[in-house]
Amino acid sequence: MRKSRWSLAFRLTLWYTAASLLLLLAATGTLYWALVANLERSSSLFLADKVHVVTTLLLERPNDWDGLREEIELESAARRYDQFYIRLLDENSKTLLETSRMSALLPAERFTGLPGRVGRAESTSGALYLATEVSAPVGGRKTNWKIQIAVSLAEQQEVLRRYRRWVWAILLVSTIVCPLVGYQIARRGIRPVQYVAETAKRIGSSTLSERIQADGYPVELADLALTFNAMLDRLEESFERLTRFSADLAHELRTPVNNIRGEMEVALARDRTVEEYREVLHSNLEEAVRLSELIGSLLFLARTENPGTHIKREITAVGELLHAIAEYYEAAAEQAGVTLAVMAEADLSVNADRSLLQRAIGNLVSNALGHTASGGRVELSASAAQSGLEICVRDNGCGIPAESIPRLFDRFYRVDAARSQSGGFGLGLSIVRGIMLLHGGSVQVFSEEGKGTRVVLGMTRM
Amino acid sequence: MKILVVEDEEKTARFLQKGLREAGYVTDVARDGDEAIHLAGEIAFDLLVLDVMLPKADGWQVVSTLRRDAIETPILLLTAKDAVSDRVKGFDLGADDYLVKPFAFSELLARVRSLLKRAPVRQQEVLRVADLEMDLARHKAMRGGQRIDLTAKEFVLLALLARRAGEVLSRTMIAEAVWDMNFDSDTNVVDVNVRRLRGKVDDPYAHKLIKTVRGVGYVLDAEE
């Protein structure tokens, strides 16, 4: 549990440090190994070189003792570093020539076990040498002499020792510096995230328009910021809708409540006849009924928006339903001088809540009748469509301005406020949409001003 | 007939009691659930009008307690929530009917009447109100001996008003009973139809039978 609470910066630092140290360790290790191999190779080559020189001298100029002495005694004595020693032994292992001090440091028996190969030998003082013993033919005599050569490894070991000291020093410094640098990098890397978090913290209902500046962010974080901003857009829109809804609701309530209150106050201001009181009561009752209807519609809408709402689905014949609705509106249509026609394909049915569907279509017919002048026509139709089934209410009335169409389904939205004052609350289409949502269906409005409107309900076919 | 109104909101309780008394029922009021359970156990009421939101024991508890104690008084629930689950819960517990607030008093009265005479009323073949006579079997309506020519829906509408003569019917109730339209928007469609019916039933006669009750609905009444 605790592990999951480690900060991101801490975790990044940890990983960064571990990775850096591991890499450093691998690099220095490899370099050390290469160095050892190289040094050893150069010592071996030196040794082979010397063996070659002495062997050649013995073979070609066996009596050139000056030359041998120079090679064996003088040249090596002149060296300060990479000290080497050469000894020449005859066939009876008697020392003929040797570099000075060699018998004290590396007596002949220290070379036992080395004939013909290159190996390590330890001097009497404890220093390490790379040594070999070679048997070489002597020119002019039918015998082999032995050459013993040793080259000091002290310098080499000193180099390696220094190298190791440096490596440890570098590793030590890295162990201290890596976490510090790593932490700085991690901090810098997650700074945009912190900024996003701070912005998010700052945003409240009154600062919903604030956005995260995503410019200059790395791709991943810009994505995060954009996603976040998109969420804020949606939130802001719903919030605005909600605010508008509250304001509209207050406005809708104001008128009837004001009427009730005013009429009552005026009525009670002095004595009145029974008729006058009755008039006031009737008027108030009408307002109260209007308020009840508003509450009923709002509750209904709230119910359609609750995803847990159950609907009572039954197999409903669409043609029959449309005819029943047309029959209900027949008298009203006739009075308005509008022809009401039903054109339904036979044998279409849906699995739907009959009374809800009736209400949705009823609302559309009522709207169509209200916006179609005398002599016009309202048509109810149902047809099979690719996606299932379409129920369509079409009129050739006044139409809806294009800019109003996106807002049609908003609660309390009226295309023409003054015109609809006497009518409903502007909730009709919201209710239609709510009902279609409950059924998993869709609703679309097509309209052309002056030509008419067509509303299409899309549903799944049975 | 004795009715117990269980309602904690004072104004609501007062108008319910007043309205029911004036409709001819002896009406008592209980202010909370415990009192309701106590009273219903003591006195044999013919009907309970029960608010769901109550102090002490709520409406659901009252219904389940009474049914558990084998008190089978019909219960009309008044709920503030128009949720299907509430309805189902009410019926499951043993309530007989429900009304959602805000409701029309005429609606309440209609439900009370139908609960109190649960036994099916004998279907009359011929309805008579003043000089209006309707032969339901033969689909004939007469006034003062003269035949009135009605469409099928107009006949159903007039029969509804005549069968419940003297009772105010709301537009919603009429739309539901005649056209099977159970939604309460656009009820001016009912007005248009009633107006047409009047044109045939009342306009030619001096004595008007169909009356508008403002803000409530329509009533067919023999009184002048």
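A short reminder: the numbers here are calculations on the coordinates, not readings from a lab. Note that this is a predicted model, so its numbers are computed, not measured. All Cβ positions, glycine included, derive from the backbone under ideal geometry; neighbour counts span all protein chains shown.
Data for the structure
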quantity: Segment A:R69-A:K201, extension gain: residue separation times 0.36 nm, minus the distance between their alpha carbons; calculated: 38.4 nm
quantity: Rounded to whole Hz, the Karplus (6.51, -1.76, 1.60) HN-Hα couplings of the stretch B:35-45, x for glycine and proline; calculated: 4, 4, 4, 4, 5, 5, x, 7, 10, 7, 7
quantity: Residues A:R162 and A:R191, FRET efficiency given R0 of 56 Å [Cβ-Cβ distance, rounded to 0.05]; calculated: 0.85
quantity: For B:L47, residues with placed amide H under 5 Å, excluding near neighbours; calculated: B:K2, B:L4
quantity: Fewest-first sequence of A:L45, B:L136, B:L169 by Cβ atoms within 10 Å of each Cβ; calculated: A:L45, B:L136, B:L169
quantity: Pair-distance profile P(r), taking every C-alpha pair of the stretch B:2-116, with 10 angstrom steps and integer %; calculated: 15, 54, 30, 1
quantity: Estimated FRET transfer efficiency (A:R117, A:A26; beta-carbon r; R0 45 Å; 0.05); calculated: 0.85
quantity: The stretch A:66-137-the stretch A:144-178 distance, computed between alpha-carbon centres (Å); calculated: 24 Å
quantity: Rounded FRET efficiency, nearest 0.05, which uses the C-beta distance separating B:S114 from B:R67 and R0 of 22 Å; calculated: 0.60
quantity: Estimated D of the stretch A:1-153 in µm² per second, where Rh is the Kirkwood radius over Cα pairs and Stokes-Einstein applies at 10 °C, 1.306 mPa s; calculated: 86 µm²/s
quantity: Cα Rg, Dmax, the protein assembly as shown, angstrom units; calculated: 53.0, 171
quantity: Spatially proximal aspartates and glutamates relative to A:K50 (Cα-Cα < 15 Å; intrachain offsets below 8 disregarded); calculated: A:E70, A:E71, A:E73, A:E75, A:D82, A:E98, A:E133
quantity: Extension gain from A:T243 to A:A127, taking 0.36 nm per residue of separation minus the Cα-Cα distance; calculated: 32.5 nm
quantity: Counting DSSP beta bridges with both ends in the protein assembly as shown, the antiparallel % (nearest 5); calculated: 75 percent
quantity: Charge dipole (debye, nearest 20) of the stretch A:3-160; +1 at Cβ of Lys and Arg, -1 at Cβ of Asp and Glu; calculated: 940 debye
quantity: Helix axis angle, A:428-438 relative to chain A longest principal axis, alpha carbon, degrees; calculated: 50 degrees
quantity: Long-range lysine pairs (8 or more apart or interchain), chain B, Cα under 15 Å; calculated: 10
quantity: The stretch A:329-458: C-alpha gyration tensor shape, a/c 1.5 cut-off, then a/b vs b/c; calculated: oblate
quantity: Hull-based mean projected area of chain B, where the convex hull spans the alpha carbons, in square nanometres; calculated: 13.2 nm²
quantity: Around A:W65: net Lys/Arg minus Asp/Glu count, Cβ-Cβ under 12 Å; calculated: -3
quantity: Three-way shape call for the stretch A:109-218 based on the alpha-carbon gyration tensor, with the a/c threshold at 1.5; calculated: prolate
quantity: The stretch A:62-107 shape via C-alpha gyration tensor axes, a/c threshold 1.5; calculated: oblate
quantity: Projected label distance in nm at A:N259 and A:H310, using a 7 Å step from Cα toward the beta-carbon; calculated: 3.9 nm
quantity: Helix A:354-370 axis, angle to chain A major axis (alpha carbon atoms, nearest 10°); calculated: 70 degrees
quantity: For A:A344, residues with placed amide H under 5 Å, excluding near neighbours; calculated: A:A382
quantity: Listed residues A:L89, A:G189, A:V167: farthest to the positive end of the dipole of chain A (Cβ charges); calculated: A:L89
quantity: Nearby aspartates and glutamates by direct alpha-carbon distance to A:K451 (threshold 20 angstrom, same-chain neighbours under 8 apart not counted); calculated: A:E379, A:D395, A:E403, A:D416
quantity: Inter-label distance for A:A267 and B:D92, nm, one decimal - labels placed 7 Å from Cα along Cα-to-Cβ; calculated: 4.4 nm
quantity: B:D135-B:E176 pseudo-label distance in nm [points 7 Å out on the Cα-to-Cβ vector]; calculated: 3.3 nm
quantity: Between helix A:154-202 and chain A: long-axis angle, C-alpha atoms, 0 to 90°, nearest 10; calculated: 10 degrees
quantity: Quotient of C-alpha Rg and 2.2 N^0.38 Å, computed over the stretch A:219-305; calculated: 1.89
quantity: Test item: Cα-centred dipole of the stretch B:93-182, Lys/Arg +1 and Asp/Glu -1 on Cβ, debye; calculated: 180 debye
quantity: Average partner coverage of A:279-286, which counts Cβ from other chains inside 10 Å; calculated: 2
